[in-house]
Structure formats: C-alpha cells, structure tokens
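What follows is a single structure, written as structure tokens, with notes after it.
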Amino acid sequence: MDKYFDRLLDHRRKLHKIPETAFNEHETGNYIKKVLHDLGCFKLQLMAKTGIVAEYRKNDGPFIAFRTDIDALKIKESTGLGFTSQNEGYMHACGHDLHMSMMLTFAEWISKMSPDKNILLIFQPAEEGFGGGEIMVKEGLFSKFDVKEIYALHNTNEFPVGTIALNDGKMFAGTIEFEVQLEGKGGHAAVPHQNNDLITATANLITLLNTIEPRFLDPIHENVLSIGMIQAGEAANILPSSSVIKGTARSYYKDDLNTLKNKLKDMCNSISIAFGIKSKLLIHTEYIPAINNSGIVSKIRKMDLGKNITIENCPQKMTGEDFGFMLDSVPGAIAWLGAGNDTNRNAGLHNSAYNPDEKAMAVGFSFYKTMLENFKK
C-alpha cells in the first residue's frame, strides 16, 4: 500500500495545483488522459465536452463502473499548502482532486493486476452546478456500455478518516437553482405612485416564495426553498428599475420538484400583475435526487473494506449531487469518504481553507478495490 499511497499523494498534489471549473477542465483532462494512455490497457472516449470515459474490457459481459468528478470552484485558496492552486482565484475546495487521484491510482492497480472483469472509469466534468452527469447520461453513456453496478465517493471532514458513510436510500436531494429578474419604471422615491416600487415588489415575491414549501407541499416530505441573493437599488431616494433574486429549491420527491417549479412560475406571474412590472424566471440547473440502491448498500455493509475502516450509517442531506442521474439509470451507491482530523474540522467543503486529510484516499482506494473484487460478472 505504501507504493500506491505515494502515487495517491503525487496525483493529488499535482491536480490540486491546476483547478479548473465546469467544462474548462482542459489541463486536468490532459493530465488524466496521459496517465491512462501510458497504462496501455484503457480505451478512452470523450463525453460531455471535457469528460473522459476509460474502458477496460476483458469479455462480453457487463461492466462495473466507478465515477469521479473533475471540476473545481471559483474560490481563492487560503490553505497555505506547499502545493497550493496555481490558477489564481480557483481551488479544489470540494476535494475533487482527491477523487481523481483515487481513480487514477485505482487505474494503475488495474493495469498491474489485470482483473478478468469489465471496468468503466468515468471522469465526469461539471458537477458543481452544471449537470455534467446528466449530460453524460443523455449522450448515451449507459446505452454504449452495459453497466450492472456503479459507485462513487465524496470526501468530507464531517466524518473521520477511516469512515465510509452511507444509507440505503436518500443520500442527496434533487435541486432547482433559480433566478428571478424584475423590471419596471424607476424614479424618485418621493413619488412612488408615478413609478414601480421594485423593492416592495421583490420583498413581496420573497414572502410569496417562502409559502411554497409549507403550504403547497406535503409537510411529511423533505423540502426546502431558500433565497441566497438579492440585488436591487443603489441609493436611498431612488426607486430602482430592476431587481434580481437568486435561490434554490430542494426535495427528495420528483413530484414536489415539479410543484416547486410550477409555483415559482405562478408567483412570478402574480407579482407582475400585482405591481404592473415584468418578471422573468430563469431555471439554471435541475438535479434529481441521488437515491442509493438498497440491495447494493446491503451488500456493501457485509464487506470487509480493510483494517481500521468502518462502514457507518449517515443521515440524508439536502445538498445536491448530479450522480443522481447515474443512479437513476443504473443500480449503485454513493458514500461519504471520511477525511476529517483534529486540525481541519473548522473549514468544510467549499471553504477556501478546506484541507481534507490525504490519508482518506487510501480508504477510498480500498473501497474501489473491494467493490471490484466482489463484483459478479
């Protein structure tokens, strides 16, 4: 394992230096392609603009698939690491560099061990809000390859190193990221009757939107709607001619997600009529829930993942993950990979100081190997 851990570290530290955002993962992709090409046992295909699918085929049977995300975030890094981001203003603040490093090292292990099984390694772009997983599915990923099972991991400092945490159903919520643009006649605040008061209209719209979850959806279901941004006005005595709000709606139920979207439309239209203004609703992204296959999870819980590795149950979360599109097509599971230690608990995912424990990669590497070794063709 020491040899492979050195490879995990080497890949991680090189990839951490070159973070790139959704569909811009060109240098990252070149790094991945070179490693896989040099191994000599994978056939590569490009999908979803900057995504890479590595096919290792030994027979005419089905595949076991493993997926990693490859994109980074627009965040200025503040970790102070010796291998800090060289792309100013961008960072692997969600730990996708760990995910890629585990997959590439797993690929090296496959090349040396030559297992008699069909394996698909999926390097997915644009997980951070742009639905790269959905695009790969729509481009025919699972019609091109007969995938029987699929797995993914996501690091977090909320669990300690040595932990694999998952549940047998709801892992990540479906999400809708939306924006509402309001336009009207601006003017002097002393004569609101001669203008459109977009500040008041915006405030009323936000109040309306916050009635959707408690009044139009089943209270037993897990749903949430939050407004994260408001932009309107520049001076105390001027009524602005435009305003913008941005928010997110989340649910574990596809019907509730449809209701949320329809009510967003209804309430934007109603605020336009009530205040005599124009409204425009933009849906930027939609993710479906990520639901683990209960049979797969039951099988995982019975496995021995290695020394000092525990499998724990975890609560569902309202965060989103576009691996849901793959789980909607193929039985599989996604699990949290514990990367927490005594020094990194105060800076979590998407934080500029996020520094997951690199020893977590050895656990993820063991997870991948165990899934493959237990795969029945």
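The values are calculated or read from the model by the stated rules, or taken from the named source; none is laboratory data. Given the structure is predicted, the values throughout are model-derived calculations rather than measurements. Positions of Cβ are backbone-derived with ideal geometry, glycine not excepted, and every protein chain shown enters the neighbour counts.
What the table shows:
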read-out: Residues of segment 13-70 classified as free of Cβ contacts under 8 Å to residues at least 12 places away in the same chain and assigned to a helix (DSSP H, G or I), total; value: 5
read-out: Criterion: without any contact (Cβ under 8 Å) to a residue 60 or more places away in the chain, within 21 Å of Ile176 (Cβ to Cβ) and within 29 Å of the chain's Cα centre (by Cα) - qualifying residue of Ile227, Ile245; value: Ile227
read-out: Whichever residue in segment 299-354 is outside any strand (DSSP E or B) and in contact with a Lys or Arg (Cβ under 7 Å, 6 or more places away or on another chain) and, among such residues, is farthest from Glu128 (Cα to Cα); value: Gln316
read-out: Subset of segment 355-368 [assigned to a loop (DSSP other than H, G, I, E, B) and either among the acidic types (Asp, Glu) or surrounded by fewer than 22 Cβ atoms within 10 Å (Cβ to Cβ) (or both)]; value: Asn355, Asp357, Glu358, Lys359
read-out: First in segment 91-104 and at negative phi and modelled with pLDDT of 95 or more, second anywhere and of a type in the set (D, E, K, R) and in a helix (DSSP H, G or I), Cβ under 7 Å, 6 or more apart; value: Asp97/Arg12; Leu98/Arg12; Ser101/Arg12
read-out: Residue within segment 267-289 that is closer than 15 Å to Ala201 by Cα, in contact with a Cys (Cβ under 8 Å, 6 or more places away or on another chain) and either buried (at least 16 other Cβ atoms within 10 Å of the Cβ) or assigned by TED's automatic domain parsing to the domain that holds Ala333 (or both) present; value: yes
read-out: Selection status of Ile70, of a type in the set (Val, Ile, Thr), surrounded by fewer than 23 Cβ atoms within 10 Å (Cβ to Cβ) and modelled with pLDDT of 95 or more; value: no
